[in-house]
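Q: Below: one structure in structure tokens.
The values are calculated or read from the model by the stated rules, or taken from the named source; none is laboratory data. Keep in mind it's a predicted model, so treat the numbers as computed, not measured. Cβ placement follows ideal geometry from the backbone for every residue including glycine, while neighbour counts extend to all protein chains displayed.
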């Protein structure tokens with residue numbers, strides 16, 4: 001079948017059903033009797049609500065009414081009037097996949113809402129035939145979040161963004177007509193808003209944080225509130241609601257200083273509050289992990305590249321912008337190592353983690369980047385200078401940043417087959433093009449710098 005929606009025997013326990021759906025690529029399962037006759041559909045959200053309401057995890061899934069019973073026969077799926085009624089019911093109830101049963105009531109095929117639209121010409125097909133899982137992206141309007149939101153929508157996910165929008169709404173405004181996008185304005189630290197945003201979601205991506213060493217140094221109390229306490233509260237609420245897939249955005253800054261190539265088992269030497277807050281949250285969230293809550297910690301390299309919510313306080317972006325504005329690149333120190341990662345590539349890793357078998361990525365830590373993009377700062381400046389036609393480089397050998405580390409990304413490549421598509425040279429060219437064209441008119445505006453603000457983001 002084109003859509004391998006899982007099938008469950010009606011005697012399957014609620015908790016085992018949740019586990020089965022969680023490991024599949026869909027947000028629901030079809031329930032059948034011992035003879036394979038279709039009885040109805042159950043969503044993972046339905047099952048989670050039962051547990052929260054007091055049902056025992058060992059009870060069978062058919063111990064409670066199955067809310068979704070739509071189905072088609074081979075003959076009736078060709079009837080445009082019936083198809084139109086069925087599509088209306090599916091959209092009303094949030095059902096995206098429909099079984100087609102044979103004369104004996106057994107599932108012979110599975111159609112999507114998009115299939116029905118195309119088959120009967122009842123309107124433009126919805127974008128993508130993806131799994132239809134609803135993902136909560138906390139910080140979805142930020143530098144990485146706005147890129148990830150677009151990628152997930154393009155892959156057929158339904159996306160709910162929770163963001164405080166301190167940088168404005170411009171990054172998501174072009175997506176206003178996306179029917180698979182829901183936007184919730186609010187602060188992660190506000191418990192009712194945070195808990196409410198988890199309703200009916202199948203996975204959580206936590207990007208929201210006080211990001212970067214300068215921002216954390218300026219706002220230490222808020223860093224603890226957001227990066228540690230609010231992160232812990234969100235993970236705890238997700239766990240209690242049986243949301244098993246939880247992606248936590250950490251940073252390679254946790255390594256601090258190291259002369260060797262550092263893998264996920266290497267000692268951590270944080271040199272900033274930002275890194276210490278991330279380590280604390282990693283430990284708390286991973287400590288909650290188990291069979292039914294399987295968090296994934298993603299330690300990202302330093303991001304670069306264009307984004308709908310642009311930042312110019314990241315090394316590649318800063319050098320590229322300065323080459324255009326000042327006609328030169330400023331380097332402090334230069335010998336220190338950094339792992340670099342394109343923001344589009346980072347979003348791809350998050351999408352792959354959401355699509356992967358949770359048994360492969362759950363309860364795991366991954367360095368996110370590529371071995372080939374471990375660079376000294378001097379090398380980064382040289383690449384950007386060359387890409388932009390030989391921009392002069394001014395070197396100040398004083399080094400105000402104690403971080404100096406190279407990172408191994410072998411585990412990520414082996415598990416997800418990830419290899420980067422972005423390059424520093426390509427990103428530098430794209431950034432300068434956006435400045436030259438006027439798409440970004442004033443790169444000195446505070447909106448492009450995290451440390452100028454007094455709240456949370458991405």
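Q: Quick test of your reading of the structure: residue 256 fulfils all but one of (1) out of contact with any helix residue (DSSP H, G or I) (no Cβ under 6 Å at 6 or more places or on another chain); (2) free of Cβ contacts under 8 Å to residues at least 24 places away in the same chain. Name the failing condition by number.
A: (2)
Q: Name, by its number, the condition in (1) in contact with a helix residue (DSSP H, G or I) (Cβ under 6 Å, 6 or more places away or on another chain); (2) surrounded by fewer than 16 Cβ atoms within 10 Å (Cβ to Cβ) that does not hold for residue 10.
A: (2)
Q: Are there any helices (runs of 4 or more DSSP H) wholly within region 1-114 with 2 or more residues that are in contact (Cβ under 8 Å) with a residue 40 or more places away in the chain, and if so which?
A: Because the criterion is at least 2 residues that are in contact (Cβ under 8 Å) with a residue 40 or more places away in the chain, the helices (runs of 4 or more DSSP H) in region 1-114 that meet it are 14-23, 44-52.
Q: Looking at (1) out of contact with any helix residue (DSSP H, G or I) (no Cβ under 9 Å at 6 or more places or on another chain); (2) surrounded by 13 or more Cβ atoms within 10 Å (Cβ to Cβ); (3) at pLDDT 95 or above; (4) under 25 Å from residue 323 (Cα atoms), find the lone condition where residue 390 falls short.
A: (2)
Q: Go through region 287-306 and report how many residues are under 10 Å from residue 363 (Cβ atoms) and touching a strand residue (DSSP E or B) at 6+ places or on another chain (Cβ under 6 Å).
A: Adding up the residues that qualify gives 4.
Q: Further question: Mind checking which residues of region 400-418 are in contact with a helix residue (DSSP H, G or I) (Cβ under 9 Å, 6 or more places away or on another chain), modelled with pLDDT under 95 and in a loop (DSSP other than H, G, I, E, B)?
A: Residues satisfying the conditions are 401, 403.
Conditions (1) outside the structural domain of residue 241 (by TED's automatic domain parsing); (2) under 31 Å from the mean Cα position of the chain (by Cα); (3) at pLDDT below 80; (4) loosely packed, with under 15 Cβ neighbours inside 10 Å, marked per residue:
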site: 39; (1), (2), (3), (4): yes, no, no, no
site: 43; (1), (2), (3), (4): yes, yes, no, no
site: 48; (1), (2), (3), (4): yes, yes, no, no
site: 63; (1), (2), (3), (4): yes, no, no, yes
site: 97; (1), (2), (3), (4): yes, yes, no, no
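Q: Given the residues 421, 426, which is the only one that is in a loop (DSSP other than H, G, I, E, B), more than 30 Å from residue 220 (Cβ to Cβ) and modelled with pLDDT of 95 or more?
A: 421
Q: Something else about it: Could you tell me which numbered condition residue 278 fails, if it satisfies all but one of (1) over 18 Å from the mean Cα position of the chain (by Cα); (2) in a helix (DSSP H, G or I); (3) within 19 Å of residue 409 (Cβ to Cβ)?
A: (1)
Q: A further question follows. Which ones in region 67-92 are under 21 Å from residue 200 (Cα atoms), touching a helix residue (DSSP H, G or I) at 6+ places or on another chain (Cβ under 9 Å) and surrounded by fewer than 16 Cβ atoms within 10 Å (Cβ to Cβ)?
A: Hits for region 67-92 are 67, 70, 91.
Q: Would you mind stating whether residue 262 is assigned by TED's automatic domain parsing to the domain that holds residue 360, closer than 22 Å to residue 216 by Cβ, touching a helix residue (DSSP H, G or I) at 6+ places or on another chain (Cβ under 8 Å) and without any contact (Cβ under 8 Å) to a residue 40 or more places away in the chain?
A: When the stated conditions are applied, residue 262 does not pass them.
Q: Related question: Residue 55 is checked against (1) out of contact with any helix residue (DSSP H, G or I) (no Cβ under 8 Å at 6 or more places or on another chain); (2) surrounded by fewer than 18 Cβ atoms within 10 Å (Cβ to Cβ) and fails just one. What number does that condition carry?
A: Every listed condition holds for residue 55 apart from (1).
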